[in-house]
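The values are calculated or read from the model by the stated rules, or taken from the named source; none is laboratory data. In this text, all values refer to a predicted model and were calculated from it rather than measured experimentally. With ideal geometry, Cβ positions are generated from the backbone for all residues, glycine too; neighbour counts draw on all protein chains shown. Note: areas computed on protein heavy atoms with side chains; ligands, DNA, RNA excluded. Shrake-Rupley method; radii C 1.70, N 1.55, O 1.52, S 1.80 Å.
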Amino acid sequence: MRKIALGLILILSLLQTGCWDAREIDELAFVLSIGLDKTDYGFKVTAQIASPETYSKTPSGSGLTQKNKPFWIVTSTGKTIFEAIRNMASISSRHIFWSHIKVIVISEQLASSNTLEIFDFFSRNPELRLRTLIAVTPEDAGKVLDMVPVMEKDPAIYLEKVIKNKNLTGKSYDIMLKDFLEDYLDPYVGPVTSRIIIDKSKSEPILKTSGAYVFDHNKVSTVLSEEQTRGLLWIKNKMNASIMVVNCPYDDMPIALEIKNSKSSIKSYLDGEVPHFSINLKVDATITEQSCLTNFNDIGKLNKLEESLEKSICKDIQSTILTAKDIQIDFPGLSFTLHRQHRKEWNQISSKWDQLFKDSKVNIAAKVTIHHVSLAKPLEPIKIQK
């Protein structure tokens with residue numbers, strides 16, 4: 001019994017050793033976003049780090065100023081990303097901690113050269129969340145992170161929210177690291193990322209999302225316009241809660257419609273080796289603003305408006321497909337459909353996909369139903385008697 005008791009004590013003592021590699025919170029620097037830029041000799045890494053003082057519940061000081069931001073910016077360089085990050089240790093008293101990162105911003109200059117090393121590093125980093133958002137900017141990525149937004153405490157939260165708000169405008173794209181890596185590793189698909197720009201048209205420059213970037217293998221290939229991006233959103237079922245503005249079929253005045261529900265389905269078949277695709281959409285929408293005098297309680301006139309929206313949707317998607325064929329990059333992901341629906345034939349033609357995609361035939365159709373038409377008749381124009 002004594003031997004058994006001693007054995008149990010030994011086992012329990014081993015189980016009570018605690019977390020040998022634990023790190024105290026006051027020893028960590030929480031990175032909220034990271035910017036990557038190209039240099040003549042390697043990489044410049046900019047980390048936006050949460051300031052412990054201004055993020056505490058009882059911050060000292062009289063209030064926020066430019067010198068007392070709720071974040072601070074650390075920049076370092078190196079021949080590799082990992083070396084640049086390790087070089088941050090020379091100017092940071094805390095260990096860089098990545099688990100709270102929200103957005104990775106890459107400069108277009110860097111993304112246009114080679115991104116293999118970038119995504120190799122981030123896929124190996126065990127601290128990094130795969131739900132982190134990826135974005136590319138034509139600006140210096142470090143400058144994007146250092147811009148102080150008006151409505152949020154720091155650029156990371158602001159960027160995360162405006163990227164995710166793509167549904168409300170239907171003019172930009174969002175993608176998480178895990179989904180980007182999945183497309184990035186697929187030899188037949190071109191990954192797409194958010195596009196962040198600095199809008200300098202206002203008195204105070206602001207950050208905004210506009211369009212998207214398409215990657216070809218290891219680098220950025222093409223910038224998508226807002227209309228081409230919207231066509232991709234239709235295909236990817238990401239247009240719910242967005243708006244569309246179409247002209248009234250009777251007097252060409254603008255009408256705003258909110259997309260309440262959108263569902264696309266893609267079917268494929270092969271004619272020899274030529275792929276054929278049918279993209280069909282079912283869309284439910286409501287009229288949110290009407291500047292024309294047409295009474296859409298008339299079912300015939302409502303059908304005409306539905307047809308106008310259907311044509312606009314098909315035009316968006318057609319523009320996206322033509323762009324994809326022109327650059328010979330299947331960023332809409334039609335290879336997924338063909339592979340899933342015709343596995344045996346796909347194995348025989350996949351090696352020639354680039355050319356087959358360019359030669360493919362794509363038919364597009366949309367069925368729109370507009371609900372909740374106002375029961376009130378549009379106001380008649382006021383006649384002024386002379």
Would you mind working out the magnitude of the charge dipole of region 193-292 relative to its Cα centre, with +1 at each Lys and Arg C-beta and -1 at each Asp and Glu C-beta, to the nearest 20 Debye? 440
Other-chain or far-sequence residues with amide H under 5 Å of Gly333's (modelled H): Gly190
When the charge dipole of region 76-187 is computed with +1 at the Cβ of Lys and Arg and -1 at the Cβ of Asp and Glu, the Cα pointing farthest to the positive end, of Leu168, Phe122, Pro187, is that of Leu168
Accessible surface of Asp179 in the full protein assembly, 1.4 angstrom probe, to the nearest 10 Å²? 50
With the dipole of region 275-363 worked out from charges on the C-beta (+1 for Lys and Arg, -1 for Asp and Glu) around the Cα centre, which of Ala324, His342, Ile279 lies farthest toward the positive end? His342
Among Met239, Val136, Ile198, flag the residue with its Cα farthest along the positive direction of the charge dipole of region 116-243, charges on Cβ as +1 for Lys/Arg and -1 for Asp/Glu. Met239
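Could you check how much of the accessible area of region 291-369 is carbon and sulfur, as a whole percent, using a 1.4 Å probe? Show your work: numbers first, answer last.
Values: 1850 of 3960 Å².
Result for region 291-369: 47 percent of the exposed heavy-atom area is carbon or sulfur.
For Lys315 and His217 in the same chain, what is the full-extension length gain: residue separation times 0.36 nm, less their Cα-Cα distance, in nm? Don't skip to the answer; put the middle values down first.
Working: separation 98, 0.36 × 98 = 35.28 nm, distance 2.78 nm.
The span from Lys315 to His217 would gain 32.5 nm if fully extended.
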At 1.4 Å probe size, put Ile91, Ile197 in order of accessible surface, largest to smallest. Ile91, Ile197
Would you kindly state how much longer the chain becomes between Lys178 and Leu293 on full extension, computed as 0.36 nm times their sequence separation minus their alpha carbon distance, in nm to one decimal? 36.5 nm
Distance from a point 7 Å along Cα→Cβ of Arg343 to each backbone N in region 173-188: keep the residues under 20 Å and list them by number. 186-188
Rounded if a/c is under 1.5, else prolate if a/b is larger than b/c, else oblate: which is region 191-304, with a ≥ b ≥ c the root eigenvalues of its Cα gyration tensor? oblate
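Out of the GluC sites (Glu not before Pro) in region 242-304, which ones are loop residues according to DSSP with at most 12 other C-beta atoms within 10 Å?
Listed in order of number, the matching sites are Glu273.
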Using a 1.4 Å probe, how large is the accessible area of Ser225, given in Å² and rounded to the nearest 10? 40
Hey, quick one: spin label on Asp354, modelled 7 Å out along Cα-Cβ, who in region 101-143 has an amide N within reach, i.e. under 13 Å? none
Using 7 Å Cα-to-Cβ label points, what is the Arg124/Leu185 separation (nm, one decimal)? 1.5
Total formal charge among the other residues, if their Cβ is under 14 angstrom from that of Asp186, Lys/Arg +1 and Asp/Glu -1: -4
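Using a Förster distance of 45 angstrom, determine the FRET efficiency expected from the C-beta separation of Met151 and Asp251, and round it to 0.05.
Working: r = 38 Å, r/R0 = 0.85.
That pair, Met151 with Asp251, gives E of 0.75.
Let me know the shape class of region 74-116, please: from the alpha-carbon gyration tensor, a ≥ b ≥ c as square roots of the eigenvalues, rounded when a/c is under 1.5, otherwise prolate if a/b is greater than b/c, or oblate.
oblate
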Roughly how many nanometres apart are two label points built 7 Å out from the Cα toward the Cβ at Thr286 and Lys164? 2.3
For Ser51, solvent-accessible area (1.4 Å; no DNA, RNA or ligand), Å²: 20
Would you mind working out the accessible area per residue for region 165-270, using a 1.4 Å probe, and quoting it in Å²? 45
